[in-house]
Amino acid sequence: MFLALREIAFARGRFALMGSVVALIAILMVLLSGLSVGLVNDGVSGLQRMSATSFAFQKDVSKDAAFSRSLIDREAVDVWARQDGVEEAAPFGNALVNGKTDHDVAIDLALFGIELDSFLAPRVAEGAGLSGAPDEVVLSATAAEEGVKVGDVITVEQTGAQLRVVGVLADQHTFGHVDVGYLPLRTWQEIRAGVREGDQVPDRVYREITAVAVLGEDVDLAAGDKAAGTTSMTTKQSYGASPGYTAETSTLQLIQVFLYAISALVVGAFFTVLTIQRRPEISVMRAMGAKTAYLVRDSIVQSLILLALAAAVGVGIGLALGAVIGSTPMPFALEAGPIAVATAFLVALGLVGATVAVVRIVRVDPLTALGGNR
Amino acid sequence: MTEPALVLEEVSLVHGDGDESITALDHVDLAVAPGEVVAIVGPSGAGKSSLLAVAGALIAPTSGAVTLGGTALAGLNRARLTELRRTRIGFVFQTSNLIPALTAIDQLRLPLTFGKAEAPRDPQELLEAVGMAHKAKRRPDQLSGGERQRIGIARALVTRPSVLLVDEPTAALDRQRSQDVVALLARETRAHGVATIMVTHDHDVLHHCDRVHEMIDGKLGVPAPR
Ligand SMILES: Nc1ncnc2c1ncn2[C@@H]1O[C@H](COP(=O)(O)OP(=O)(O)OP(=O)(O)O)[C@@H](O)[C@H]1O
Ligand SMILES: [Mg+2]
């Protein structure tokens, strides 16, 4: 500590510069973390807030687009309901549509078709729940941000179907970045099939559903799939089947990994340059009998002080910025856990970078201290 | 004469090997007693710094024996040699080589942070002894060459070494300051019973020394009477 603190005070300009770089990286980390969590919320909060434990899709449907591709006969619901451990099984319909309200507000919706008496029926926070009328819809709390409220009538562009907004849910319910709208299964089936007013509706339309939503703790999914001819995913696995989810989260993870690497390299490069500049004095100290461990420890303490202070400042600024961003409609949510982990990683990898750099250079020959002629 | 603090017997040092090899030290014999100042003079490249490096456990001789306070250096591992340098040997370098970040008083405290010293001298008192107490808070870049060299000497003495190895301490100093610095070295050496070897080009400071050896082509000559 003796030398470490005095060296930092002496080279405070350089340390401040380096500290700002680390702080900026920390800010970026916090914002990225907020964006990750926000995107996850935006992508799958509609699924997270459903009580279903798993979904049974069409057999062998492509895993990353199951919600949009899958179409099965509702008889699978009864098969699933009979499986061991299944408390309830209910038909579930999922479709992304474009709509426009009677106030000319454009809104994209993820329509969740459900049966009113099933466990999927939503609880509203404002207005009324679904009463059974075919043209009712209940929207995510976030729809208000789009300017849609109870009493509005939404026209589905694809079919011209008209939906009355009767209630609003308590929290954010979004799926694939658009607001979720719960509506009666029959209405959903008509919209999905593209039925327009006055069309003759074939019977099979009212048999089509996206998936069977299953509720039950110890369900043998493989056995159920075999009996019902479906392909199941747990609700967590099904996040990957929501539009863009996998691509977004893996991109953000990649960016985070790069940030860690950058921070380790930048801190390593800084300590390389710093230590190379200190070479003459290091060789003097070695001649005077300082152990390698002493010199390395000294640099590690320096890098720890640098990283910890800079990360603290950066995270602080990041949280302040995040609070501002969080109040906008941007998909952004700050959670302590991911930020703490990211900060720990940042500091740890920075330390690794510094240590690798310093250990290499500190081995300078103490002989070079003798005589200016060498 | 008391028991010598430092003995070199038949010490040779060869740099490189084969045709390229350079004999820096050629069968050197030297013993230095506590309280004695031995000067080494000689042309550039004669092997003077090499002698200090070998005596100071910075480099192992190719052949011959170095004995420090009764301990033979041959066969000691790196950690033991580092320990010996820290506790028994003091170095004063040509350009003082102080640590830029440290104030004068901290330069003296630094060696004491490397490990436990048996009977360290008080940095403040030592700074007074070398006449630098009034500039205790100055950093090297705010000090003159002579002042830096005084602090360099004090730094080498703070762990109370038995051997002091000094390489051209006056190379960067004018006449008067050279006299002052070498006088200081001689005074401290005698007052504290240190065995000092000083390499120098400066013949005007030799009268402070007890013996003067000339070194030519790695060979140490017999002491010239002063
Ligand atoms: N690391 C080394 N590798 C090879 N040769 C070396 C090395 N160090 C010193 N030498 C050679 O050993 C000889 C003695 O060098 P040394 O530095 O001891 O001389 P010196 O008497 O101190 O000279 P100066 O008065 O210029 O400081 C020189 O010929 C030098 O070139
Ligand atoms: Mg030399």
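The values are calculated or read from the model by the stated rules, or taken from the named source; none is laboratory data. Since this is a predicted model, take the numbers as computed values, not measurements. Every residue, glycine among them, receives a Cβ derived from its backbone with ideal geometry; neighbour counts consider all protein chains shown. These accessible areas exclude ligands, DNA and RNA; they are computed on the full protein's heavy atoms, side chains included. Shrake-Rupley method; radii C 1.70, N 1.55, O 1.52, S 1.80 Å.
Kindly evaluate A:Leu334 against the criterion of being open to solvent by 30 Å² or more (accessible area, probe 1.4 Å) and away from chain B (no Cβ under 13 Å).
On the way: open to solvent by 30 Å² or more (accessible area, probe 1.4 Å): yes; away from chain B (no Cβ under 13 Å): yes.
Yes, satisfied.
Any residue at all in the stretch A:302-320 that's within 14 Å of another protein chain (Cβ to nearest Cβ) and farther than 19 Å from A:Asp42 by Cα?
Pass one, the stretch A:302-320, residues within 14 Å of another protein chain (Cβ to nearest Cβ): A:302.
If we keep only those that are farther than 19 Å from A:Asp42 by Cα too, we end up with A:302.
Within the stretch A:302-320 (the criterion being within 14 Å of another protein chain (Cβ to nearest Cβ) and farther than 19 Å from A:Asp42 by Cα), the answer is yes, since at least one residue qualifies.
List the number of the failed condition for A:Leu370; all other conditions in (1) open to solvent by less than 40 Å² (accessible area, probe 1.4 Å); (2) away from ligand 2 (no atom under 16 Å from the Cβ) hold.
Condition not satisfied by A:Leu370: (2).
Could you pull out the residue among A:Gly176, A:Gly129 that is over 21 Å from A:Tyr206 (Cα atoms), open to solvent by 20 Å² or more (accessible area, probe 1.4 Å) and of a type outside the set (D, E, K, R)? Even if it seems obvious, please write down each step before you answer.
Working: A:Gly176 fails: open to solvent by 20 Å² or more (accessible area, probe 1.4 Å).
Within the list A:Gly176, A:Gly129, the selection yields A:Gly129.
Residue by residue through the stretch B:136-171, note down the ones that are open to solvent by 40 Å² or more (accessible area, probe 1.4 Å) and in a helix (DSSP H, G or I).
B:Asp141, B:Gln142, B:Arg148, B:Arg150
Do we have any residue at all in the stretch B:77-88 that's surrounded by 23 or more Cβ atoms within 10 Å (Cβ to Cβ) and over 30 Å from B:Gly16 (Cα atoms)?
no
Determine which member of the set A:Ala125, A:Ala133, A:Ala121, A:Ala144 is more than 26 Å from A:Glu197 (Cβ to Cβ), in a loop (DSSP other than H, G, I, E, B) and in the same structural domain as A:Ala193 (by TED's automatic domain parsing). Steps first, please.
Details: A:Ala125 fails: in a loop (DSSP other than H, G, I, E, B); A:Ala133 fails: more than 26 Å from A:Glu197 (Cβ to Cβ); A:Ala144 fails: in a loop (DSSP other than H, G, I, E, B).
Selected residue: A:Ala121, the only one of A:Ala125, A:Ala133, A:Ala121, A:Ala144 that is more than 26 Å from A:Glu197 (Cβ to Cβ), in a loop (DSSP other than H, G, I, E, B) and in the same structural domain as A:Ala193 (by TED's automatic domain parsing).
Which one of these is over 18 Å from B:Ala55 (Cα atoms) and more than 14 Å from chain A (Cβ to nearest Cβ): B:Arg139, B:Arg211, B:Arg150?
The conditions single out B:Arg150.
Find the helices (runs of 4 or more DSSP H) located wholly in the stretch A:190-296 whose residues include 1 or more that are β-branched (Val, Ile, Thr) and either farther than 29 Å from A:Ala23 by Cα or more than 25 Å from the chain's Cα centre (by Cα) (or both), and list them.
On the way: elements: A:221-228, A:235-239, A:245-277, A:279-287.
So the answer is A:235-239, A:245-277, A:279-287.
Conditions first: (1) assigned to a helix (DSSP H, G or I); (2) away from chain B (no Cβ under 14 Å); (3) open to solvent by less than 40 Å² (accessible area, probe 1.4 Å). A:Leu3 passes all but one, so which condition is the exception?
Exception for A:Leu3: condition (2).
What's the number of the condition B:Arg121 fails, among (1) open to solvent by 50 Å² or more (accessible area, probe 1.4 Å); (2) among the charged types (D, E, K, R); (3) under 23 Å from B:Ile197 (Cα atoms); (4) not in a helix (DSSP H, G or I)?
(1)
Does the stretch A:284-296 include one or more residues that are surrounded by 23 or more Cβ atoms within 10 Å (Cβ to Cβ), away from ligand 1 (no atom under 16 Å from the Cβ) and more than 10 Å from chain B (Cβ to nearest Cβ)?
Scanning the stretch A:284-296, I find no residue that is surrounded by 23 or more Cβ atoms within 10 Å (Cβ to Cβ), away from ligand 1 (no atom under 16 Å from the Cβ) and more than 10 Å from chain B (Cβ to nearest Cβ), so the answer is no.
Here's the yes/no breakdown for (1) away from ligand 2 (no atom under 16 Å from the Cβ); (2) at positive phi; (3) at pLDDT 95 or above; (4) touching a helix residue (DSSP H, G or I) at 6+ places or on another chain (Cβ under 6 Å):
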| position | (1), (2), (3), (4) |
| --- | --- |
| B:Gln107 | yes, no, yes, yes |
| B:Leu112 | yes, no, yes, no |
| B:Pro120 | yes, no, no, yes |
| B:Pro123 | yes, no, yes, yes |
| B:Ala129 | yes, no, no, no |
| B:Arg138 | yes, no, yes, yes |
| B:Gly146 | yes, no, no, yes |
| B:Ala156 | yes, no, yes, no |
| B:Ser162 | yes, no, yes, yes |
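Assuming A:Pro329 fulfils every condition listed in (1) closer than 18 Å to A:Leu5 by Cα; (2) open to solvent by 60 Å² or more (accessible area, probe 1.4 Å); (3) not in a helix (DSSP H, G or I) apart from one, which condition is it?
Of everything listed in (1) closer than 18 Å to A:Leu5 by Cα; (2) open to solvent by 60 Å² or more (accessible area, probe 1.4 Å); (3) not in a helix (DSSP H, G or I), A:Pro329 misses just condition (1).
I'm trying to understand the selection: among the residues of the stretch B:19-52, which are without any contact (Cβ under 8 Å) to a residue 40 or more places away in the chain and not hydroxyl-bearing (Ser, Thr, Tyr)?
Residues satisfying the conditions are B:Asp19, B:Glu20, B:Ile22, B:Ala31, B:Gly45.
Anything in the stretch A:147-173 that is polar (S, T, N, Q), open to solvent by 10 Å² or more (accessible area, probe 1.4 Å) and part of a loop (DSSP other than H, G, I, E, B)? List them, or say none.
Of the residues in the stretch A:147-173, the ones polar (S, T, N, Q) are A:155, A:158-159, A:162, A:172.
Next, only the ones that are open to solvent by 10 Å² or more (accessible area, probe 1.4 Å) stay: A:155, A:158, A:162, A:172.
Result: A:Gln158, A:Gln172.
Return yes when A:Val21 is within 30 Å of A:Thr249 (Cβ to Cβ) and in contact (Cβ under 8 Å) with a residue 24 or more places away in the chain and no when it is not. Before you say what the answer is, go through the steps one by one.
On the way: within 30 Å of A:Thr249 (Cβ to Cβ): yes; in contact (Cβ under 8 Å) with a residue 24 or more places away in the chain: yes.
Yes: the conditions hold for A:Val21.
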